[in-house]
1. How many of the residues making up the stretch 81-126 are surrounded by fewer than 21 Cβ atoms within 10 Å (Cβ to Cβ), in a helix (DSSP H, G or I), in contact (Cβ under 8 Å) with a residue 60 or more places away in the chain and in contact with a strand residue (DSSP E or B) (Cβ under 8 Å, 6 or more places away or on another chain)?
2. Filter the stretch 206-256 down to the residues that are over 15 Å from R181 (Cα atoms), at pLDDT below 90 and among the acidic types (D, E) and list them by number.
3. Taking the stretch 191-209 as the region of interest, how many residues are small (G, A, S) and crowded, with 22+ Cβ neighbours inside 10 Å?
4. Exactly one condition in (1) over 16 Å from the mean Cα position of the chain (by Cα); (2) modelled with pLDDT of 95 or more is not met by L66; state its number.
5. Based on this model, can you work out whether A157 counts as free of Cβ contacts under 8 Å to residues at least 12 places away in the same chain, closer than 19 Å to E214 by Cβ and over 14 Å from the mean Cα position of the chain (by Cα)?
6. Filter the stretch 168-186 down to residues that are within 18 Å of the chain's Cα centre (by Cα) and over 12 Å from M215 (Cα atoms) and give me whichever is surrounded by the most Cβ atoms within 10 Å (Cβ to Cβ).
7. What number of residues within the stretch 155-177 satisfy the criterion of being modelled with pLDDT of 95 or more, in contact with a Leu (Cβ under 7 Å, 6 or more places away or on another chain) and part of a helix (DSSP H, G or I)?
8. Could you tell me which of the residues T50, T61, T77 is under 16 Å from the mean Cα position of the chain (by Cα) and closer than 20 Å to H231 by Cβ?
Amino acid sequence: MLGKLGRIFGMGRPDEVITVKQGGDSAGDDGPLIRLSGVSKVLGAGDSRTQALENVDLEITRGEFLSVNGPSGCGKTTLLSIMGLLDSPSEGTYQLNGHEATKLSASQRAHVRNSEIGFIFQSFNLIGDLSVAENVDLPLSYLGIPSRERRDRVMEALDRFNLAEFASRHPSELSGGHQQRVAVARAVVGRPEILLADEPTGNLNSEQAEVVIEMLSELHAGGATICLVSHDPRWSEVARRTVSLFDGTIVDPDFI
């Protein structure tokens, strides 16, 4: 688990700092924050070759709340991985704030991924040996932030989501709903510009899911750009725009 999260949060030293924060870089001021053009992704090779995405065109403006829905296996997670710089398209282009993402160095990708993109996963991806506070602190530990500021940020995030009383507990001592709230706190503690959520309510009951929906809605109202993938129809009601994916291709919502 730590190896997987280290890949997400791990950070190199970029030769040139790329930012997606508003006003921080003029490259994308006049265009969408995220633009995918003709993006295709092939997984595997030979007999196991799978066309995960095919000719996807998608734009997301700064401050937008986008829901991507579709059945299991339609390419939603692959799409999110490309947006989050965890993977690269086999064909097509991905521009992030006006920069061609596929041309970023590994250290630049890691820098943007850690400092500007927050990830929320269906399976929470919390580390069992770490306390709640230590889990939330994890992305900050890769940013070189002084320890006192890190502690302040962690407690601010825990307070924001009513988790302060659980700071010293471990994930196994929490309900699924509380674990997902910890995952959301971890995603926002670095104050990212973009939040990417992969089935964030998939492992929750209806009451717990409503809490997470309200949390993300509040984050969007505060200016966050959110893209989430889900087959839960409730997200289509709170997101500002919904895109439907089927067999790796964007389709008319009525098609699904």
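The values are calculated or read from the model by the stated rules, or taken from the named source; none is laboratory data. Please read all numbers here as calculations on a predicted model, not as lab measurements. Don't worry about glycine lacking a Cβ; one is built from the backbone with ideal geometry, like all the others, and counts go over all protein chains shown.
1. 1
2. Correct list: D232, E237, D252, D254.
3. 1
4. (1)
5. No: the conditions fail for A157.
6. R186
7. 3
8. That would be T77, the only listed residue that is under 16 Å from the mean Cα position of the chain (by Cα) and closer than 20 Å to H231 by Cβ.
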